[in-house]
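Taking it in order: structure first as structure tokens, then the write-up.
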Amino acid sequence: MDIYMDTPVLQEETQDEGTLTHMLAKYHAPIVKYCYNLLWNHHDAQDAAQDVFFTAMRKFSNLRETSALGTWLYRIAYNTCMNMLKRKRLQRIFWKKEVAKVGAGTYEDEYNFGISPELYTALNALSPQDRALVYNRVVDQMEYCQLEEIYGVKAASLRKRYERARKKLEKMLTADSGTQEG
């Protein structure tokens, strides 16, 4: 599943209908799944993906020749989702009412990739940033050099953060299996 390691975008590629068609055909489903796994809400994920592609087309000329299109789109998706989460948090604080809780996705949702209910619950307990990192490493099988470009954080820091998130998941899953057996 190495569709994210596409070659750097060439200068000749312009903002035309062919480029949009290519981006949508190749990256729409992976970007929606990625957004869902950060937001845990199908409708928000669809909205975020739409914003990602709108932003990508608007800022296509800013894409560096050395950047891979997929990595660039994931960076936009990550920033879009984090902004959506901040807005939801601010809405809850400002309006002092319960906005749909982030993390309230249901296990039956179509983007769970056949994971167990226990792993779903454990992932739901991670912060959106850690969940995004785990998703990119495990599901998308991205290398740390790609993640460094997406998150704007040094690869060594991402490795450490991934290890901490993995240990948290391991601890939650071990504790969960211990309570089921006992």
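Fewest Cβ neighbours within 10 Å first, please rank Thr21, Thr55 accordingly.
Thr21, Thr55
Cα-Cα over 31 Å: which of Lys26/Lys168; Lys26/Lys171; Lys33/Lys171; Lys33/Lys59; Lys26/Lys167?
Exceeds cut-off: Lys26/Lys168; Lys26/Lys171; Lys26/Lys167.
Each reported figure results from applying straightforward, stated rules to the coordinates on display, with no laboratory input. Note that the structure is predicted; figures quoted are calculated from it, not measured. We place every Cβ from the backbone using ideal geometry, glycine too, and count neighbours over all the protein chains shown.
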